[in-house]
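Here is the structure we will look at.
Please treat every number below as a calculation from the coordinates, not as lab data. Since this is a predicted model, take the numbers as computed values, not measurements. All Cβ positions, glycine included, derive from the backbone under ideal geometry; neighbour counts span all protein chains shown.
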Amino acid sequence: MRFRCLLFLCALALPAVADEGMWLFNQFPKDQVKEKYGFEVTDPFLENLRLASMRIGGGSGSFVSPDGLIFTNHHVASDCISKVGSSQHDYVKDGFYAATRQQELKCPDLEANVLVGMEDVTGQVKDAAKDGVKPAEAVQKRNAAIARIEKTCADKTGGTCTVVKLFSGQRFDLYRYKKYTDLRLVFAPEFGIAFFGGDPDNFTYPRYDLDIAFLRAYEDGHPAATPHFLKWSAEGVQDTALVFVSGNPGATSRLATAAQLAFFRDTSLPLTLSRLQTRIQALRAFSAQSEENRRLAQRTLFGFSNTYKSTAGKLIGLNDVKLMVRKQSFEKKLRSAVERNPKLGTAAGKVWDEVAAAYKTWTPFEKPYQVLERPAALGSNLFRIARQIVRLSEERGKPNDQRLPEYRDSAMRSLELALYSPAPIDDSLEVALLAQYLEDVKALGEKEAPVKALLGNLTPRQAAAEFVRSTKLKDVAERKRLAAGHDAVLNSGDGMIRLARLVDEPARKLLQKHEDLIESLDASSAERIVQYRLKVLPAGEYPDASSTLRLTFGAVKGYKDKTEAPVPYATTFGGMYHRAGNEDPYQLPQRWVDGKPLLDLVMPFNFVSTCDITGGNSGSPTVNSQGEIVGIIFDNNLEALPLTYLYSDEQARAVHVASQGIVEALRKLYQPASLLRELGVTPP
């Protein structure tokens, strides 16, 4: 039967959805766009969009002028906005604008990466692990080959080089980036309008947020020359129009098996939610103590709350019987066709059993893995710094191709930018977060973690206070001294270094077990499952997202909600004023209260599209068929959260800020004359 039966069965199980896909720039479905929208995507269109786009601050952004001006979200830039502020200048709350280049404020540890080159290196990676090698060993050999490829590229080009795993290890591409590490804040609106509606409206629609910020990239002390940039659309967004979104979606699991999804549903996501919830509660209590505490905790609390709601939405999706049945049905038919194929046979179908067995074995290790290894002490900068110093001092003594990926030569520049950041660290906030982490460690018990050595006779909060009191890691010079040699770490009496060292041994054991059980699947069972899929849909498959640059397309389009009520494609300033109130999170900044008579109240403010996005796309530019800015991604609706696992455009939507709404607000309320001129917009 070859794969004809397989193709037929899969077409029944997962009908093609025209706007689906987080596509690689070097594998973009031009014919698909032309067939549905009648628009011919050209290579120059793709090249300019790629070279104008960037990964920045855990999200995305784009150049919008030839002088390094960067357009992104307020919440993507919030770390910088917070760190350049102080108790006297709360730029998160009050906003910021630099009228001159000299007034632009340098972000202490933010970087932007532009993808300038791509090369298929699958053969070089896979040839490092010949047939017959055990999966765990194959992973090690592949990782060593990746380290060598990255180093060779970096030495040759002077750029930042990263090997990207695609299709569960079926393919590997070498990405070469231009890195910008001198980024400066140009403009940010008030938090009250950037996140209007707060957590209650997060991941919902209709929305009314000016979630934007402008930064500038510098090189050698001067604004960077950026010939590839996106021009501002004079017309702005239009209903039903074709739009493109270029960004860095964080992670999807659309190639995952039903067993993997069950693990996420029953184990991984509930554990993540539980840990986030305790920290949100702790930070709310901390914030309630004073206005300064509120300022200090705001950025971290926003991040935790955003991740909590996103994770909860994904879990709701996995508990949706229809989603799981759809996934299981596809998998059952795919496996049946494979087993009936005379060239593959029943033995080939056992790969699904191997994946299920691996996750079943791993399940009891997931909780200690999350607590001790990833993500460990959520929100604590001092713990992050201490762990990086402990591991960096040790990993540097190993050959480059035997190090943990984040400590290879190719990653060192980004690591050191974060490690040696001069950004202020508040002791009281650190104690609050670290106390909660030590509660997690204590709950694991002595069998999983060195609880007695960590706590002694102290409570978690008392121990946290002592670790913070006895550290000198707020001093950048001390960090550099310790990181320079492993002996300095071994002989250190620093409290946070001691904490990181005590946790490191059990954490590394779990890291190795995860590699042996789970990561090795990408060199064995999971890779073969993807092989079957690629043979079925060679022109209709795209790799899962991996925080690397992708391009999606779709239509500006409203929808009907669960009550069948129509939801319009765009919201307006008038709708925002109707929703506004006298209490947070619906209390508008005074500038907006006073400026209501100045605004066109029917001007589009936020809008939705069918573009396929996920976390990491925040800050992604939205362009029209001329490659001009018509908006910026800042969210998706609740119905879109399960798109992590399966795509649908019935109600799921990406949420954007409309370009004409941005210009209206800037011209009428903020009047940043030099910024408007740089965008090609006439000042008022």
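Points worth noting:
- Region 258-521, dipole about Cα centre (Lys/Arg Cβ +1, Asp/Glu Cβ -1), debye to the nearest 20: 780
- Calculated translational diffusion coefficient of region 258-521 (20 °C, 1.002 mPa s; Stokes-Einstein with Kirkwood radius over alpha-carbon pairs) equals 103 µm²/s.
- Calculated FRET efficiency, R326 to A565, Cβ-Cβ distance, R0 = 25 Å: about 0.45 to the nearest 0.05.
- Stretchable slack from A136 to R461, in nm (0.36 nm times residue separation minus alpha-carbon distance): 113.0 nm
- Relative packing of 170-178, 198-206, 242-250, which averages over residues the other C-beta atoms within 10 Å, highest first: 242-250, 170-178, 198-206
- A simple spin-label model places the labels of T204 and A285 2.8 nm from each other, with each point 7 Å out along Cα-to-Cβ.
- Alpha-carbon centroids, region 214-293 and region 81-112: separation in whole Å: 20
- Local electrostatic count, A241, Cβ distance below 14 Å [Lys/Arg +1, Asp/Glu -1]: -2
- Here the gap between D220 and K472, fully extended at 0.36 nm per residue and compared with their Cα-Cα distance, gives a gain of 87.6 nm.
- Ascending count of other beta-carbon atoms within 10 Å, so fewest first, for M54, M118: M118, M54
- Helices of the chain meeting both criteria, an alpha-carbon length of 15 angstrom or more along the long axis and an average Kyte-Doolittle score not below -0.5, with helices taken as full DSSP H segments, are 269-287, 350-362, 381-395, 427-444, 495-517, 525-536.
- Cross-link table K367/K452; K360/K509; K134/K367; K231/K309, entries beyond 29 Å C-alpha to C-alpha: K231/K309
- In loop segments of region 432-522 as defined by DSSP, the GluC sites (Glu not before Pro) with at most 13 further C-beta atoms inside 10 Å of their C-beta are E446.
- Using the Karplus relation 6.51 cos²θ - 1.76 cosθ + 1.60 with θ = phi - 60°, the per-residue 3J(HN,Hα) values for region 108-113 come to x, 8, 9, 9, 10, 10 Hz, with x marking Gly and Pro.
- Exposure proxy ranking for Y559, Y577, based on other Cβ atoms within 10 angstrom of each Cβ and starting from the fewest, stands as Y577, Y559.
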